[in-house]
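Before any comments, here is the structure.
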Amino acid sequence: MKTIFTAIVLINSIICCGQNSNKTVPKMYVTKFGADSVILRKMPNGFFIGTASVGHVFRLKENLTFQKIGYSRSGNIIDSGLWIIKNERELVLTSQKHTLAFQLIKYDTYLFFLLPGQKDKFIYDLTQLKKELKNETPVQTENRTLGIEDFIAKRLLEKYYGRDLYFDAGT
């Protein structure tokens, strides 16, 4: 009886899981993230897009205001306004210039803030980077080991707003 049950479970898992298509990313890699003001308020350095030398940072303050700061040679405030959480999955930033609605997507220890219409491109870029970086060797730092997921996320942060939640966990 145990053998028959094991065979049924094995066949069922093969039928249900099969092989992943190259066009999709398994759910275990990308998940929707419920917007939680406690988590967002604990991001003292905000979320950003860009490289180490050029980009933008959105800093969320506990009083539900935000600042958009450009960084390169100077740290000029580009925009400011109010932020709210809408429908538990969306961060909305409103200023006199515009309103931005970000969908929150979690990948490994990273939280990405995607603008409308970016999700499909994000998943495509993630899939391509997984193929491109699959043979990279993990790197040991003082605090942790950086693996393929970290290398992928760092490249995605050049195109999409995001944040490494690892540093906010106090580790």
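The values are calculated or read from the model by the stated rules, or taken from the named source; none is laboratory data. Keep in mind it's a predicted model, so treat the numbers as computed, not measured. Reconstructed Cβ throughout: ideal geometry from the backbone, glycine too, with neighbour counts over all protein chains shown.
Tabulated data
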{"quantity": "Filter result (in a strand (DSSP E or B) and not aliphatic (A, V, I, L, M)) within segment 102-119", "calculated": "102, 103, 106, 107, 110, 112, 113"}
{"quantity": "Some residue of segment 120-131 being under 18 Å from the mean Cα position of the chain (by Cα) and not in a helix (DSSP H, G or I)", "calculated": "no"}
{"quantity": "Matching residues, segment 99-126, being free of Cβ contacts under 8 Å to residues at least 12 places away in the same chain and at positive phi", "calculated": "117"}
{"quantity": "Leading residue by the ranking (nearest to the chain's Cα centre (by Cα)) among those in segment 132-152 that are in contact (Cβ under 8 Å) with a residue 24 or more places away in the chain and assigned to a loop (DSSP other than H, G, I, E, B)", "calculated": "144"}
{"quantity": "Residues satisfying the stated conditions in segment 68-118, i.e. more than 17 Å from the chain's Cα centre (by Cα) and aromatic (Phe, Trp, Tyr)", "calculated": "71, 83"}
{"quantity": "Some residue of segment 141-158 being surrounded by 13 or more Cβ atoms within 10 Å (Cβ to Cβ), modelled with pLDDT of 90 or more, touching a Leu at 6+ places or on another chain (Cβ under 8 Å) and small (Gly, Ala, Ser)", "calculated": "no"}
{"quantity": "Test result for residue 126, in contact with a strand residue (DSSP E or B) (Cβ under 8 Å, 6 or more places away or on another chain) and closer than 22 Å to residue 46 by Cα", "calculated": "no"}
{"quantity": "Meets criteria (assigned to a loop (DSSP other than H, G, I, E, B) and in contact (Cβ under 8 Å) with a residue 24 or more places away in the chain) for residue 159", "calculated": "yes"}
{"quantity": "Test: residue in segment 68-80 that is touching a Phe, Trp or Tyr at 6+ places or on another chain (Cβ under 6 Å), modelled with pLDDT of 85 or more and in a strand (DSSP E or B)", "calculated": "yes"}
